[in-house]
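The values are calculated or read from the model by the stated rules, or taken from the named source; none is laboratory data. These numbers come from a predicted model, not from an experiment. In this analysis, Cβ positions are derived from the backbone assuming ideal geometry, glycine residues included, and neighbour counts consider all displayed protein chains. The protein model used for the area step is the full one, side chains on, heavy atoms only, and it has no ligands, DNA or RNA in it. Shrake-Rupley method; radii C 1.70, N 1.55, O 1.52, S 1.80 Å.
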Amino acid sequence: MKLYHMRGACSLADLIVLEWVDIPYDVVRVTRDTLQTPEYLARNPGGTVPLLEDGDFRISENVAILEYLADLHPEARLLGDGSARGRAQVMRWLAFLNSDVHGAFKPLFTPERFIADAAFADMLASAARQRIRKYLEMLDAQLAHRDWLTAQRSVADPYLFVISRWAIRKEVPLHGLRHLARFSERMYADQGVQRAIAAGEPS
Ligand SMILES: N[C@@H](CCC(=O)N[C@@H](CS)C(=O)NCC(=O)O)C(=O)O
């Protein structure tokens with residue numbers, strides 16, 4: 001299996017899941033520039049990571065990739081406890097992270113796509129940080145009485161881990177979000193997470 005990954009990107013979530021389900025993989029490291037080359041766009045017209053190639057099967061979109069990897073190894077139970085309700089709970093958090101929370105970071109990563117006048121970039125960034133802070137409060141509350149977003153470890157957790165790393169990098173205020181902080185510590189202590197970071201972001 002091949003995973004296309006960009007340093008610091010949401011594709012780290014897929015690397016973590018590859019580690020958790022113990023599938024051998026190769027990382028293809030790309031940059032924002034590579035993503036716009038005709039060769040890459042032929043593979044993924046969206047020009048984004050992650051992109052997964054499994055033999056002759058190619059799939060983009062993070063939610064689809066995470067679900068695919070988890071489905072290949074149902075014994076790892078990364079999509080809930082096997083019940084329709086368990087899976088729905090995992091998908092609920094994954095959808096929220098991928099659409100709302102991830103989307104709210106876009107003005108911080110690529111402000112030029114949202115605002116032509118750089119003079120307003122600070123206002124845009126500050127509004128984005130406030131929006132993200134609200135989302136992180138919801139996530140922190142969800143973690144108040146559990147170790148993971150749902151009753152057991154799932155594909156939603158590596159996505160949240162990526163988001164919490166972004167929040168630090170982009171200076172989103174994190175004061176008081178102690179459940180989220182503990183969640184990050186748990187993830188950093190996990191050997192699969194450590195291997196995924198080493199594979200994707202070698203120093
Ligand atoms: N809808 C896509 C979005 C993925 C996405 O935004 N990836 C970012 C990295 S986290 C990316 O490739 N950005 C490159 C760019 O937008 O130029 C998905 O969920 O997989």
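Considering only residues that are of a type in the set (Gly, Ala, Ser) and free of Cβ contacts under 8 Å to residues at least 60 places away in the same chain, look in the range 160-203 and name the one that is farthest from residue 14 (Cα to Cα). Across the range 160-203, the extreme among qualifying residues is 176.
The rows are residues; the columns are (1) more than 10 Å from the ligand (Cβ to nearest atom); (2) open to solvent by 10 Å² or more (accessible area, probe 1.4 Å).
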{"residue": "12", "(1), (2)": "no, no"}
{"residue": "15", "(1), (2)": "yes, no"}
{"residue": "19", "(1), (2)": "yes, yes"}
{"residue": "27", "(1), (2)": "yes, yes"}
{"residue": "33", "(1), (2)": "no, yes"}
{"residue": "46", "(1), (2)": "no, yes"}
{"residue": "50", "(1), (2)": "no, no"}
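At pLDDT 95 or above and open to solvent by 50 Å² or more (accessible area, probe 1.4 Å): is that true of residue 176 in this structure? Yes, satisfied.
When 164, 99 are checked against the criterion of being polar (S, T, N, Q), within 16 Å of the ligand (Cβ to nearest atom) and either at pLDDT below 95 or open to solvent by 50 Å² or more (accessible area, probe 1.4 Å) (or both), 99 stands alone in meeting it. Restricting attention to the range 55-93 and to residues that are closer than 18 Å to residue 152 by Cβ and among the acidic types (Asp, Glu), the residue that is nearest to the ligand (Cβ to nearest atom) turns out to be 67.
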